[in-house]
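Working notes, structure below.
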Amino acid sequence: MRAVELVKAVAVLALLFASTGTKAAPLPEPQVFASDKGVLDILMVARAAPIETFPLFKPTGWVYDICPRPKDGTLACPTKPAGSNLYGGSRLALQPGDVLKVRLVNRLPKITDSEHAKEKEHAYLAFNPTNIHTHGLEVSPRFPTVDNPTYGDTVFVMTLNPANGELPPDAAVHGDVRVGYTDYQIDIPKSHPAGLYWLHPHVHGIAMNQIGAGLAAIITIGDISDYVCKNASCAAALGRMSIRHMLLKDAQITKDSTLIDQEDTEFCQKFTGPPPATPGRGFCKGINLGPHEESYVGGRWYFSLTGVPYPAIRMKNSAGEIWRITNTSSNATYNLQLFNPKQNRDMLFQVLSLDGIAVDARGGLAAAAISGGRVTAVPCPGSPSGLEHKALCARSILMMPSSRAELWVVDRDANDKVVKASAGDQAVFRTSGIKTGPSGDHWPAIDLGAVTFSAAGSAKLPQVLDVTGPSHDEIPARVAADLARANAKIGANAACKPLPAGHMRRIFYGLDASDPNFLGLGYEEVDEQGKAVPGTFLNISAFDPATPTVCVPLAAGNKPVTERWQLINLAAEDHNFHIHQMKFGVVGDPQVEHGSAATNGILVDNVPLPHTDGVCASVAAWRQGKCKAHPVRVDLPFAIAGDFVYHCHILMHEDDGMMARIRVRASP
Ligand SMILES: [Cu+2]
């Protein structure tokens, strides 16, 4: 480039920075609906609404329009003021012991581009039935009874919008069908851990479409001060911090302003890594996939924070901020970093919790080791003696769909020490781009937000925040005690036999053995020698909503029972494991190379399952050693009776069949 061109280019760049710098919209907080006197009673209308926050486009998304439940039984919320950012999502602020009452109304339009609606007996999916799941909450998945006609947190019910048509007689439905609305009552146990959770629809076959179009809300239980900064000096610093709630949301918009709810992971140029020098600011550009494929030219794939692409995150105090982040994208994996342009590197941040459970001093580095590769821990500098290897600091965090993390973000010097910011200290919050295996997806590198640190306030700053979570070992026992009545009501089942001591259950992830157009899960029981127990093998098959794969009886007195499961991903792409109604511990597995044989550090509700080395198209191929899998072992403390599911939370995969039903019953 000649000198005169260089000068011009710099001038254009400066203009660009100036214009984007002043135009960047501030990061909004989701609208809050807080419980009062132990109850939050809301009307939640799932409906279409314009997305007002995307530059150039005004597509229609699907949103939860929430309001206190009208006393007169009206099934609509009062009209929201213009620019309400319904798409960005809301926060239900609850306390342990609360009752969450939701009347869910379905006013969604028909789906026009659902792949699964084209399948036999599944045409009804185009009517866009919906439901809700309170992700991560340890609550009962109960069905209605004569005394209580509401539903608990079960996915085996769906609500139809009567305007979209009646169910055809051949419809293969997954549970109860209701027309118009469904009432839910979620009893939060008194002992429920405080933290960050969320709520989303869970209708098999269109979960991706509904969440991808915008349906998500976050749930907080208790307050951050319930587990962060129990000592006075730390609490003083916490009092100066802004607490932000961010929903990571992505949406693909075509040039004619249409939101694609059947997400195409190849919408943008494939990420091949390392991160490009100039990732898109809040979006990447659609490409032409070829002569016989789609052209997304002129469209944009937005990666927003709470609905706003590339917002300004301006801190108000030198103590920094607490970021409570939820990945509400249906498929996208984020590898989050905080890039400091002055230091030309990624900044350190402290991880306060994962999946709603505090990472306390018992966890720390051990927690990172067994988080399933989500965090690579770095010692927190300047932390009080004994804490440096316990508090969890990192420069990046991997967030697969549905995962949550709470971070302390504050300005730091070249030695990573917390410092009062100087004027103009900035960072870029970004996802660096990630490829999830040879046959996996390419998630783009995107600058998600522009961070400005603040010099305001006292210079006296802690180097680490102390985190005091509940005893991880005690959570299941307390939850089981709080839910004793709900568990007893589910009853026992003679056919439900405990897993013999020393045995574990093995779950396979891969292609449906009878139809490779579908994905599925397989199963077998493994004895103490590591041998498969004859007669227990179920080959990989797509979700069967009618048949539980396993039945687990609670221990005597309906106390929790802990089972060890081994999760084996046979695909050449990463998946993740999520199970409803509980948190589980990840056990280090020598084969995954990150971990010790301890689970006491951390409890999570989803864990990445790394792809294979080499190709295995079947369980048989794996047994023959045709690929090397990287099993992940988890300890699951079952404390809640009922029927629920475990699945891959990449929702394209879940909708393709990568889910199974599990049954937990009261002690015989
Ligand atoms: Cu998957």
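Protection proxy ranking for 518-525, 162-169, 334-341, using the average of other Cβ atoms within 10 Å per residue and placing the highest first: 518-525, 334-341, 162-169.
The value of relative contact order for region 438-562, using C-alpha pairs under 8 Å at least six residues apart, is 21 percent.
With contacts defined as alpha carbon pairs under 8 Å and 6 or more residues apart, what's the relative contact order of the chain in percent?
Relative contact order for the chain comes out at 13 percent.
Extending 7 Å from Cα along the Cβ direction at Asn288 and again at Asn517 yields two label points whose distance is 3.0 nm. Take the convex hull of the alpha carbons in region 436-491; its mean projected area over all directions comes to 10.8 nm².
Applying a 4.7 Å cutoff between beta carbons, the unpaired cysteines of the chain are Cys648. Candidates Gln252, Leu94, Gln262 compared by Cα position along the dipole of the chain: farthest toward the positive end lies Leu94, with charges placed on Cβ.
For region 158-277, relative contact order (Cα pairs under 8 Å, six or more residues apart, normalised by length) works out to 20 percent. Taking Lys and Arg as +1 and Asp and Glu as -1, the other residues whose beta-carbon sits under 14 Å from that of Trp301 total -2.
For the chain, rounded, prolate or oblate, judged on the Cα gyration tensor with a ≥ b ≥ c (square roots of eigenvalues), a/c < 1.5 rounded, else prolate if a/b > b/c? Cα axes put the chain in the rounded bin. Taking label points 7 Å from Cα along the Cα-to-Cβ direction, Asn493 and Ala621 give a separation of 3.3 nm. Pairs spanning more than 22 Å between alpha-carbon atoms, out of Lys37/Lys489; Lys37/Lys583; Lys559/Lys583; Lys316/Lys420: Lys37/Lys489; Lys37/Lys583. Using alpha-carbon positions, what is the distance between the centroids of region 620-636 and region 53-94, in Å? Region 620-636 and region 53-94 have Cα centres separated by 45 Å. The modelled label-to-label distance for the pair Glu121/Ala484, using points 7 Å beyond Cα in the direction of Cβ, is 4.3 nm. To make sure I understand the rule: partners must be lysines, Cα under 18 Å from the Cα of Lys230, and not fewer than 8 residues away in the same chain. Which ones qualify? Partners found: Lys390, Lys460.
Computed from the C-beta positions of Ala456 and Ser84, the FRET efficiency with R₀ = 35 Å rounds to 0.70.
Restriction of the trypsin sites (Lys or Arg not before Pro) in region 420-460 to DSSP coil positions whose beta-carbon has at most 13 other beta-carbons within 10 angstrom yields Lys460. Subtracting the Cα-Cα distance of Asn148 and Asp473 from their residue separation scaled by 0.36 nm leaves 113.8 nm.
Using the Cβ-Cβ distance between Lys71 and Leu167 with R0 = 41 Å, the FRET efficiency computed as 1/(1 + (r/R0)^6) comes to roughly 0.85.
On full extension, the segment bounded by Asn231 and Thr562 gains 115.8 nm, given 0.36 nm per residue less the C-alpha separation. Listed by chain and number, the lysines whose C-alpha is less than 19 Å from the C-alpha of Lys285, apart from same-chain residues fewer than 8 away, are Lys58, Lys249, Lys255, Lys270, Lys435.
Which value at 222 nm does the chain reach when only helices count, each DSSP H run of 4 or more adding -39,500 (n - 2.57), with the total divided by all residues and rounded to the nearest 500 deg cm²/dmol?
-2500 deg cm²/dmol
Straight Cα distances below 12 angstrom link Lys120 to the aspartates and glutamates Asp170, with same-chain residues fewer than 8 positions distant left out. Highest mean packing comes first when the peptides 486-499, 441-454 are listed by Cβ atoms within 10 Å, giving 441-454, 486-499. Multiplying the residue separation of Asp613 and Arg345 by 0.36 nm and subtracting their alpha-carbon distance yields 93.4 nm.
All of the numbers you see were taken from the coordinates with simple rules; none came from a lab. Note that this is a predicted model, so its numbers are computed, not measured. Don't worry about glycine lacking a Cβ; one is built from the backbone with ideal geometry, like all the others, and counts go over all protein chains shown.
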